[in-house]
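Inspection log for the structure reproduced underneath, given as structure tokens.
The values are calculated or read from the model by the stated rules, or taken from the named source; none is laboratory data. Owing to the predicted nature of the structure, the values given are computational and were not obtained by experimental measurement. FYI the Cβ positions are ideal-geometry reconstructions off the backbone, even for glycines, and counts take in every protein chain you see. Quick note on the areas: whole protein, heavy atoms, side chains included, nothing else; ligands and nucleic acids left out. Shrake-Rupley method; radii C 1.70, N 1.55, O 1.52, S 1.80 Å.
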Amino acid sequence: MRALMIPRFGDAEVLTMTHLKAPVPGPEEVTIDVAYAGVNYAEVLFRKGGVPNLPLPFVPGIEVSGTIREIGEKVTGFRPGQQVAALTIVGGGGYAEVVKVPAELVFPLGEAGGQVSMESAAAFPSNVTTAYMILTQVARVRHGETVLVHAAAGGVGSAIGQVAKALGAGFVIGTVGSADKLDYAKGLGYDEVYLRENFEALVSERTGGQGVDVVVDPVGGLMREASMRLLKPLGKLIAMGNASDAEDVRQSLNELWFASKTVSGFNLQLLSMTAPQLVAESARKALALVAGGKVKVDVTGVLPLHEAGEAHRLIEDRKSTGKLVLEVGSRQSNR
């Protein structure tokens with residue numbers, strides 16, 4: 001099978017097409033003939049060496065859509081040829097024609113109801129599941145609350161605003177890094193969208209100085225400090241990335257004590273390894289939101305597998321909106 005590999009850490013040019021033996025499923029695993037693979041900032045981090053203890057060479061790719069190829073001897077509920085989406089985040093491997101996945105993290109498209117294209121199916125498992133879990137499991141958003149989301153036009157950001165509205169948030173604010181993304185983000189469930197360079201004053205003014213109940217921050221750096229200042233008492237800041245590559249921000253626990261504020265983290269890969277059942281339950285609910293039309297997965301670009309480097313560059317240069325996916329193979333290929 002064809003696979004796109006990270007042989008060494010570096011720029012997008014290090015991604016190398018190679019041929020590997022197709023994997024065989026273990027007792028509780030399935031293999032999938034990959035149709036499309038989602039492209040995520042996480043895979044950029046893998047390539048740059050930003051994830052500790054990543055073994056090289058490594059085939060990235062944390063989410064895919066395709067058809068079941070083979071099933072392990074202990075697996076039930078799946079059949080060869082069945083259309084599915086999957087989180088391949090535990091072991092990677094989505095940038096390949098065949099990927100091996102724990103069956104628990106595979107989601108039949110037919111069970112969701114509605115119509116979900118294979119392109120959208122490859123773009124939902126990471127981002128929409130992350131959005132759903134952050135808002136329900138970590139922030140525990142309540143009806144009518146105010147939610148602030150940074151990087152609102154990105155892959156995760158494009159889902160969080162919509163999921164927040166679907167869960168009953170009252171006022172959802174997004175921030176973006178450039179003016180050309182303002183209108184795009186406004187179409188994704190956000191009531192208002194501001195440039196990050198002056199968001200603190202605008203959010204404070206818009207909320208009458210009261211601030212917000214929840215902040216979701218994949219950007220990091222000084223955004224964390226400004227976001228903390230905007231939190232109401234009992235407000236929650238969820239750190240789920242550091243796209244700015246900024247130095248870590250130190251936070252006094254005594255300040256949290258006196259201000260009655262909370263800081264939490266969220267890492268989908270860790271939870272997929274340690275609590276796969278919880279992730280799977282959330283992913284199915286996220287897929288139902290997509291299939292029911294409550295959350296739009298906006299696939300803004302489809303590139304062939306060998307152009308994954310270009311997709312990485314678009315993400316790194318902050319020129320992308322919505323979700324990019326790679327076309328890996330047809331739904332019936334590689335068998």
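Here are some residues: G189, G157, G174, G168. Which one is on the phi > 0 side of the Ramachandran plot and surrounded by 23 or more Cβ atoms within 10 Å (Cβ to Cβ)? Write out each step before concluding.
On the way: G157 fails: on the phi > 0 side of the Ramachandran plot; G174 fails: on the phi > 0 side of the Ramachandran plot; G168 fails: surrounded by 23 or more Cβ atoms within 10 Å (Cβ to Cβ).
Answer to the selection: G189.
Considering only region 115-144, state which residues are out of contact with any Gly (no Cβ under 6 Å at 6 or more places or on another chain) and open to solvent by 20 Å² or more (accessible area, probe 1.4 Å).
Q115, V116, S117, E119, S120, Y132, T136, Q137, V138, R140, V141, R142
G92 passes all but one of (1) out of contact with any Ser or Thr (no Cβ under 6 Å at 6 or more places or on another chain); (2) modelled with pLDDT of 95 or more; (3) open to solvent by 30 Å² or more (accessible area, probe 1.4 Å); which number fails?
So the condition that G92 fails would be (3).
For residues that are open to solvent by 20 Å² or more (accessible area, probe 1.4 Å) and hydroxyl-bearing (S, T, Y), tally how many sit in region 95-114.
The qualifying residues number 0.
Restricting the search to region 263-285, which residues are over 16 Å from the mean Cα position of the chain (by Cα), open to solvent by less than 80 Å² (accessible area, probe 1.4 Å) and without any contact (Cβ under 8 Å) to a residue 60 or more places away in the chain?
V263, A275
Taking into account only those residues within region 190-228 that are assigned to a loop (DSSP other than H, G, I, E, B) and among the β-branched types (V, I, T), which is modelled with the lowest pLDDT?
Only one residue fits best here, namely V219.
Can you pull out the residues in region 5-50 that are of a type in the set (K, R) and open to solvent by 10 Å² or more (accessible area, probe 1.4 Å)? It would help to see each step written out before you state the result.
The initial filter retains those residues of region 5-50 that are of a type in the set (K, R), namely 8, 21, 47-48.
Across region 5-50, the qualifying residues are R8, K21, K48.
Select the helices (runs of 4 or more DSSP H) contained entirely in region 229-335, then report the ones holding at least 3 residues which are within 23 Å of A151 (Cβ to Cβ).
Result: 268-274, 276-291, 308-316.
Which is part of a strand (DSSP E or B), at pLDDT 95 or above and of a type outside the set (V, I, T), of G168, G174, G144?
G174
Restricting attention to region 1-52, which residues are of a type in the set (S, T, Y) and either in contact with an Asp or Glu (Cβ under 7 Å, 6 or more places away or on another chain) or part of a strand (DSSP E or B) (or both)? Give the derivation first.
Narrowing region 1-52 to residues of a type in the set (S, T, Y): 16, 18, 31, 36, 41.
Answer for region 1-52, where residues must be of a type in the set (S, T, Y) and either in contact with an Asp or Glu (Cβ under 7 Å, 6 or more places away or on another chain) or part of a strand (DSSP E or B) (or both): T16, T18, T31, Y36.
Select from region 206-225 the residues that are under 16 Å from V147 (Cβ atoms) and crowded, with 16+ Cβ neighbours inside 10 Å and list them in ascending order. First the steps, then the outcome.
Taking region 206-225 and keeping what is under 16 Å from V147 (Cβ atoms), we get 206-207, 210-219, 223.
Of everything in region 206-225, those that are under 16 Å from V147 (Cβ atoms) and crowded, with 16+ Cβ neighbours inside 10 Å turn out to be R206, T207, G211, V212, D213, V214, V215, V216, D217, P218, V219, M223.
Report the residue count in region 39-67 for those that are within 15 Å of V328 (Cα to Cα) and touching a Pro at 6+ places or on another chain (Cβ under 7 Å).
Of the residues in that region, 1 qualify.
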